[in-house]
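Notes follow once the structure below has been shown.
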Amino acid sequence: MFTSSADIYHISCLPPQQMSCLPPHQISCLPPQQVSCLPPQQVSCLSPHQISCLPPHQISCLPPHQISCLPPQQISCLPPQQVSRLPPQQISCLPPQQISCLPPQQVSCLPPQQVSCLPPQQISCLPPQQISCLPPHQISCLPPQQISCLPPQQISCLPPQQISSGIMFTSSADIMFTPSAGIMFTSSACIMFTSSADIMFTSSAGISRYHVYLLSRYQQV
């Protein structure tokens with residue numbers, strides 16, 4: 001439906017209490033200063049260029065398909081339940097306090113400078129290529145299966161309790177057991193180490209569990 005300039009003028013003269021009477025096609029004619037007067041059920045009728053005019057308390061009324069229209073400065077106003085609806089390109093705009101609201105599948109979209117803002121419980125969701133972005137104080141939060149993804153320069157940051165499982169890393173990023181275990185594996189073997197020194201192989205390796213036995217002939221490793 002066509003809206004004349006006269007109609008637009010009259011819409012801008014509406015008092016707040018009458019905004020809720022506007023049909024969807026006329027909401028896009030509202031000037032910025034009136035967008036904040038819309039009731040929650042009409043926020044979804046805003047056009048993309050009007051979304052940036054929303055005050056913080058109305059951003060939570062946006063439907064999923066409109067969240068991607070938010071400018072960077074408004075992303076910090078999203079409530080936790082809406083953070084998970086952000087597209088990858090907007091995740092980098094999240095302030096530190098909202099990063100903990102990201103679901104596991106979105107953690108991998110964080111840029112390097114934001115990885116350090118992850119709380120301990122989310123570090124296990126990092127893909128291998130992001131582990132090298134962890135600062136020293138977060139390395140201790142890595143689960144056993146991710147330790148093998150650490151680059152050589154970060155290995156020295158491992159706390160004693162993570163080294164005691166009998167793993168040593170060479171500069172080439174191979175995995176070796178200490179002489180007390182006596183076995184040497186390369187990182188391509190897909191190994192996880194439990195605190196009891198058992199080895200858990202991934203399904204791609206074809207073995208579900210294998211106990212570490214002392215092999216004296218490898219003790220010189």
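Odds and ends about this structure:
- Selection from the stretch 23-38 of residues that are outside any helix (DSSP H, G or I) and either free of Cβ contacts under 8 Å to residues at least 12 places away in the same chain or more than 34 Å from the chain's Cα centre (by Cα) (or both): Pro23, Cys29, Leu30, Pro31
- Of the set (1) among the hydrophobic types (A, V, I, L, M, F, W, C); (2) surrounded by 15 or more Cβ atoms within 10 Å (Cβ to Cβ); (3) over 30 Å from Gln129 (Cβ atoms), all apply to Cys13 but (2).
- Put simply, of Leu102, Leu70, Leu46 the only residue that is part of a loop (DSSP other than H, G, I, E, B) and either of a type in the set (Lys, Arg) or not assigned by TED's automatic domain parsing to the domain that holds Ile27 (or both) is Leu102.
- Here Gln129 clears all of (1) loosely packed, with under 11 Cβ neighbours inside 10 Å; (2) within 19 Å of Leu78 (Cα to Cα) except the condition numbered (2).
- One residue stands out among those in the stretch 145-163 that are among the aliphatic types (A, V, I, L, M) and modelled with pLDDT of 80 or more: the one that is farthest from Ile123 (Cα to Cα), which is Ile155.
The values are calculated or read from the model by the stated rules, or taken from the named source; none is laboratory data. Keep in mind that this is a model prediction, so the values were computed, not measured. Positions of Cβ are backbone-derived with ideal geometry, glycine not excepted, and every protein chain shown enters the neighbour counts.
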